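Student: Supplied in structure tokens, the structure appears directly below.
The values are calculated or read from the model by the stated rules, or taken from the named source; none is laboratory data. What you see is a predicted model; the values in this text were computed from it and never measured. Positions of Cβ are backbone-derived with ideal geometry, glycine not excepted, and every protein chain shown enters the neighbour counts. Side chains are part of the model used for accessible areas, which takes the heavy atoms of the whole protein and leaves out ligands, DNA and RNA. Shrake-Rupley method; radii C 1.70, N 1.55, O 1.52, S 1.80 Å.
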Amino acid sequence: MRIGFIGLGMMGHHMVANLQKAGHELVVFDVRREAGEEALSRGARWAETPADAARQSEMVMTSLPGPKEVAAVVFEENGVMHGAQRGSYYVDVSTSSPTLIRTIYQTLKGRGIKVADAPVSGGVVGAEEATLQIMVGSDPDVFDEIQPVLRGIGDKITYIGEVGAGEVAKLVHNQIALVVQQAVAEALTLGTKAGIQPEKLLEAIRGGAYGRSGGGVGPNLEKTVMQADWDRPRFALALARKDLGLATSLAGEFGVPMPLAAVAEQALIECMNRGWGGKDMTAAWALQEDRAQVHVRTTQPAPTS
């Protein structure tokens, strides 16, 4: 299939590579021309605008930082809607707003363009290895039609429901991850300040009822948090703050109280105010360490199983 792919960042450029490996013909666009050099060297074509990418494609996929960028790429002058052909597909794999993708759906439907939201989870490694979890919101027939393309970037494809449902599922996923991170940070700073070695705390927690489920205390703690490895972002803190903000906004829309999410969101806002937006999302631990006046560190390697 001829696919126009817009957004060649940490996730997008790996997805493009895997779509090319799967035999698809790619047309790419990014605000940074240099971001497309790898794809171009493998035979992709460069588009001058999102509309140009859409004009040349049977399907347009976007992988962008958030709702502002998605709206601009779709609706603005030289946006996707001004180039997409009747009968083509628009699939957004960004973590974005359910309300926005539903607006896009209603707008493009009138032009004969099929729309799906398909946010992904699995991080840069999942994008590189094509092992992403893909959460799809679309009309049922559209889901069936786009699955062959989605298999090129992920091995876990779940039909969540109508358009917007994929974004809801992704926001719920990220909300859980970010709130649990805050709770684990509080607990381990307490244990460390009370005189217990972090590796002993983790051994006890992982052997107990909660830890056996793996929730929030996996080996990444030793690899990132306990090495203070914030400066190599696997997932930028600014994006985490954006995602949790989208979740709390959705909660407000539906009248769902989420006090724990609100606390975690305030912690991320404080991190942003400290200029940590470009750091890894786990830098939120550093805020809790500052508050508790203790560092949770270990020199022991992470467990392998």
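Student: Starting from the Kirkwood Rh over alpha-carbon pairs, what translational D in µm² s⁻¹ does segment 84-211 have by Stokes-Einstein at 10 °C and 1.306 mPa s?
Tutor: Answer, rounded: 95 µm²/s.
Student: How big is the charge dipole of segment 159-305 about its Cα centre, in debye rounded to the nearest 20, if each Lys and Arg gets +1 on its Cβ and each Asp and Glu gets -1 on its Cβ?
Tutor: For this selection, approximately 320 debye.
Student: Find which of PHE29, ALA286, HIS14 sits farthest along the positive direction of the dipole of the chain, computed with +1 on the beta-carbon of Lys and Arg, -1 on that of Asp and Glu, about the Cα centre.
Tutor: ALA286
Student: Further question on the same structure: Skip the ligands, DNA and RNA, and give the accessible area per residue of the chain with a 1.4 Å probe, whole Å².
Tutor: Details: 13870 Å² over 305 residues.
Here the residues of the chain average 45 Å² of exposed surface.
Student: Here's a follow-up. Would you work out if segment 1-148 is rounded, prolate or oblate? Take a ≥ b ≥ c from the square roots of the eigenvalues of the alpha-carbon gyration tensor; rounded if a/c is under 1.5, else prolate when a/b is larger than b/c, oblate otherwise.
Tutor: rounded
Student: Can you list the GluC sites (Glu not before Pro) in segment 146-244 that are in a DSSP coil and have 15 or fewer other beta carbons within 10 angstrom?
Tutor: GLU162
Student: Next up: For the chain, max minus min Cα coordinate along each principal axis, in Å, sorted largest first?
Tutor: Computed over the chain, the largest-to-smallest principal extents equal 65, 45, 35 Å.
Student: Taking the chain as the reference, fit the longest principal axis to its C-alpha atoms, fit the long axis of helix 140-150 to the helix C-alpha atoms, and give the angle between the two in degrees, 0 to 90, nearest 10.
Tutor: Roughly 80 degrees, rounded to the nearest 10.
Student: Rounded if a/c is under 1.5, else prolate if a/b beats b/c, else oblate: with a ≥ b ≥ c from the C-alpha gyration tensor eigenvalues square-rooted, which is segment 28-92? Before the final figure, lay out the partial values.
Tutor: Values: a/c = 1.81, a/b = 1.25, b/c = 1.44.
Because a/c hits 1.5 or more and a/b fails to exceed b/c, segment 28-92 counts as oblate.
Student: Order the peptides 74-80, 61-67 from the highest to the lowest mean number of other Cβ atoms within 10 Å of their residues.
Tutor: Descending packing order for the listed peptides: 61-67, 74-80.
Student: Nearest 10 degrees is fine. How inclined is helix 259-273 to the longest principal axis of the chain, computing both from alpha carbons?
Tutor: Orientation of helix 259-273: about 80 degrees from the principal axis.
Student: I would also like to ask the following. Taking only Cα atoms, what is the 0 to 90° angle, nearest 10, from helix 12-21's long axis to the longest principal axis of the chain?
Tutor: Helix 12-21 sits at roughly 60 degrees to that axis.
Student: With both partners inside the chain, how many of the DSSP beta bridges are antiparallel, as a percent to the nearest 5?
Tutor: Beta bridges within the chain, antiparallel portion: roughly 15 percent.
Student: Quick one: with all protein chains in place, what share of the accessible area of the chain is carbon or sulfur, to the nearest percent (1.4 Å probe)?
Tutor: 55
Student: About the Cα centre of the chain, what is the dipole size in debye to 20, counting +1 per Lys and Arg Cβ and -1 per Asp and Glu Cβ, all else neutral?
Tutor: Dipole size: approximately 300 debye.
Student: Find, among the trypsin sites (Lys or Arg not before Pro) in segment 54-122, those assigned to loop by DSSP (not H, G, I, E, B) with at most 16 other beta-carbon atoms within 10 angstrom.
Tutor: ARG86, ARG111
Student: Which whole-angstrom value gives the distance between the alpha carbon centres of segment 221-245 and segment 1-79?
Tutor: Value for the Cα centre distance between the two parts: 26 Å.
Student: For segment 64-151, give the magnitude of the charge dipole about the Cα centre (Cβ charges: +1 Lys/Arg, -1 Asp/Glu; no others), in debye to the nearest 20.
Tutor: It comes to approximately 260 debye.
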